[in-house]
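Let me begin by presenting the structure, written as structure tokens, before commenting on it.
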Amino acid sequence: MELSAFELLSALFILVLAAFVGYEVVSKVPTMLHTPLMSGANAVHGVIVVGAMLVAATADTPIAIGLALLAVILGTINVVGGFTVTDRMLEMFKRRPGDRG
Amino acid sequence: MTTLEILTMLVWLAASVTFIIALKFLASPKTARTGNLLGAAGMALIVLWTFFTHDATDPTATPGMFGNWWIIVVGGVVGGAIGWFAAKRVAMTAMPQMVAIFNGAGGGAAALVAVVEFLRDTETNPGELLPLAFIVATLLGAIIGSVSLTGSIVAWGKLQGFVASRPVSYPGSQIVSGILVVALIALGVYVAAIEPSVPLFLLFVVLALVLGVQLTMPIGGADMPVVISLLNSYTGIAVAATGFVLSNYALLIAGTLVGASGAILTQLMCRAMNRSLFNVLFAGFGTGGGEMAAGAAGEEQLREISADDAAVLMAYGKRVVIVPGYGMAVAQAQGPVRELMDLLLSKGVDVQFAIHPVAGRMPGHMNVLLAEANVPYDRLKEMDEINDDFADTDVALVIGANDVVNPLAREEGSPISGMPILNVDQAQNVIVLKRGRGTGFAGIPNPLFSNERTKMLFGDAKPSVEQLVAGVKQA
């Protein structure tokens, strides 16, 4: 967990650049897609499940194991639920006028 | 670096790129679904890669992934089943609550990861101060994740009706929030700079959980979409902080990406309501006005209309504009509404839908519901597109919308002053379908309803629209 100054700075570079990318990518989305977008972004931060897996790997006390298990459950709910619900919403946008499902 | 470490970083890069493309593709209805699937694929890649290679990338890990592989399998199966079933079964009308809950789950996971990481580090280096950048990121992940968790639960409760949707506040509420923030800062500084105490760290997490409730309760249910978007952004930041703690660039990038995009999305939503974020969060929107509206004044002036008369008015008009609101969503009236549209079109009446940017409880909520009912999206007009046409409209049919058509917004001194509204009051006839005589979500009276061109059709939106359909058939 000791980070060198170079690693710290690299992380800072990534942070700042990713923030700009996030801002740029979303600033042109039409209002009608705001709900799916919120939901889609919600699914993306479900990547926290990877963090939960990493701490689960080294959990060695009953408390740590219990908390890590809960973290994996919550993270998986976020990922699986997030992508599924976004897909359900977007499926409905795909229909062309005139198509009847 | 070993080959495996290099490959791991390349997997992080690939996953990050899919996340960026997913958000980028969500900007257009044509590519949105592909983008979402691509994001899901990137997620699957990084999760599977981590699961199968982690043991080798981190030789210091004891007992290692293989010792604890069951945690991931059990947690993944349980969480996956819950998430999948919830997402598949939720009604389209309850989508905002669902997003709130998934967001809360992510925030909770981020907070838990920070807690477990803190416990592990204080155990391996008892009594030693943790590196500053590291402990700051851990504290950030814990506090933001916790606020996001409880804030999302309150937002969910408000939309679901388990928690009063009106702003709930008590005297000195903001002072209590202030004290909480000061206490959190003090505890954070102590844990980071003086002594890495486990009990104090846990107290820090508990206070953060309380803060999430404290900050969300005073906000009215009508503003929950903005709050959910903001909390979504918070969770992103918490995930980024965790990525920093774990030196995992994929978490860092994905978290920052969501943090930034959630922040701009929150801004866009506030702009659609012509209010500042500060106003949304701290003004207790909709606290007043309730009693004012409940008073008898003005109620006698409401003119009622029968469904048959309303149907005739529409069937013999040239142009009907339907204005859907949350009332249509709760009543699940979108199917009958489409039927009404089809019938009117077959009688040669031009039918369009006027969609206010914040109609329903989320931007785009109405578009999703009407798309679900197979209303072609070229009939859905945004506010700016249709607002000048109301004067040439024979009948404006307002279905369960209230605040977005309230002319008070054009005047000073009302809580919704300055919010752009649909110019429904300029139509030749206005028919308002409304469940009861109460006020809208914002709790403000609506002079549109007592306007002389307005006729009220009281009742649940679904049977009301069905009666209109029957009436138009006979007309």
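Overview of values
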item	result
Mean residue ellipticity (222 nm) of chain B, computed from DSSP H runs ≥ 4 via -39,500 (n - 2.57), nearest 500	-19500 deg cm²/dmol
Dipole-positive endmost among B:THR2, B:VAL77, B:HIS356 within the protein assembly as shown (Cβ charges, Cα centre)	B:HIS356
For chain B: rounded, prolate or oblate by the Cα gyration tensor [a/c cutoff 1.5]	prolate
In degrees, nearest ten, helix B:173-189 long axis to first principal axis of chain B (Cα)	20
Trypsin sites (Lys or Arg not before Pro) within the range B:368-473: DSSP coil, no more than 16 neighbouring Cβ in 10 Å	B:ARG435, B:ARG437, B:ARG453
C-alpha long axis of helix A:34-44 to longest principal axis of chain A, angle in °	30
Hull volume in cubic angstrom per residue (convex hull over the Cα atoms of the range A:33-93)	52
Difference of contour (0.36 nm per residue) and Cα-Cα distance, B:THR31 to B:ILE6	5.8 nm
Mean separation of Cα contacts under 8 Å, 6 or more apart, over the residue count of the range B:3-282: relative contact order %	19
In nm, spacing of pseudo-spin labels at A:LEU9 and B:ALA41 (7 Å Cα→C-beta vector)	3.7
Within the accessible area of the range B:326-371 (1.4 Å probe), percent carbon and sulfur	48
Sequence-separation-based contact order of chain B, relative, with Cα cut under 8 Å and 6+ spacing, percent	13
Lys, Arg +1 and Asp, Glu -1 on Cβ, resulting dipole of the protein assembly as shown about Cα centre, debye, nearest 20	1120
Size of the A/B contact, given as accessible area buried on both chains, probe 1.4 Å, in Å²	8800
Pairs of lysines in chain B (C-alpha under 28 Å apart; 8 or more residues apart or interchain)	28
Amide H contacts of B:ASP350 (H built 1.01 Å from N, under 5 Å, at least 5 apart or other chain)	B:ARG319, B:VAL320
Partner chain coverage, peptide B:90-103 - average Cβ within 10 angstrom	5
Simple Cβ-charge dipole of the range B:3-282, Lys/Arg +1 and Asp/Glu -1, about Cα centre, in debye nearest 20	1340
Number of partner chain Cβ atoms within 10 Å, mean per residue of B:368-377	5
Estimated FRET transfer efficiency when R0 is 25 angstrom, pair B:ILE194-A:THR61 (beta carbons, to 0.05)	0.50
Residue-normalised accessible area of the range B:3-282, given per residue in Å² at a 1.4 Å probe	39
The range B:299-474 - charge dipole about Cα centre, Lys and Arg +1 at Cβ, Asp and Glu -1, debye rounded to 20	400
Rounded to 10°, Cα long-axis angle of helix B:3-25 versus longest principal axis of chain B	10
Three-way shape call for the protein assembly as shown based on the alpha-carbon gyration tensor, with the a/c threshold at 1.5	prolate
Protein accessible area in the range B:70-144, 1.4 Å probe - carbon and sulfur %	72
R0 of 25 Å, Cβ-Cβ distance B:PHE458-B:GLU412: FRET efficiency to nearest 0.05	0.20
Exercise: per-residue mean of other protein chain Cβ atoms within 10 Å, B:38-49	4
Extended-chain gain in nm, criterion 0.36 nm per residue less alpha-carbon gap, B:GLU123 and B:LEU345	72.8 nm
Distance between the range B:226-276 and the range A:29-49 - C-alpha centres, whole angstrom	10
Mean separation of Cα contacts under 8 Å (6+ apart) over length of the range B:327-475, as relative contact order %	26
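The values are calculated or read from the model by the stated rules, or taken from the named source; none is laboratory data. Keep in mind it's a predicted model, so treat the numbers as computed, not measured. Cβ atoms come from the backbone with ideal geometry, glycine included; neighbour counts cover every protein chain shown. Accessible surface is based on the protein model in full, side chains and every heavy atom, while ligands, DNA and RNA are left aside. Shrake-Rupley method; radii C 1.70, N 1.55, O 1.52, S 1.80 Å.
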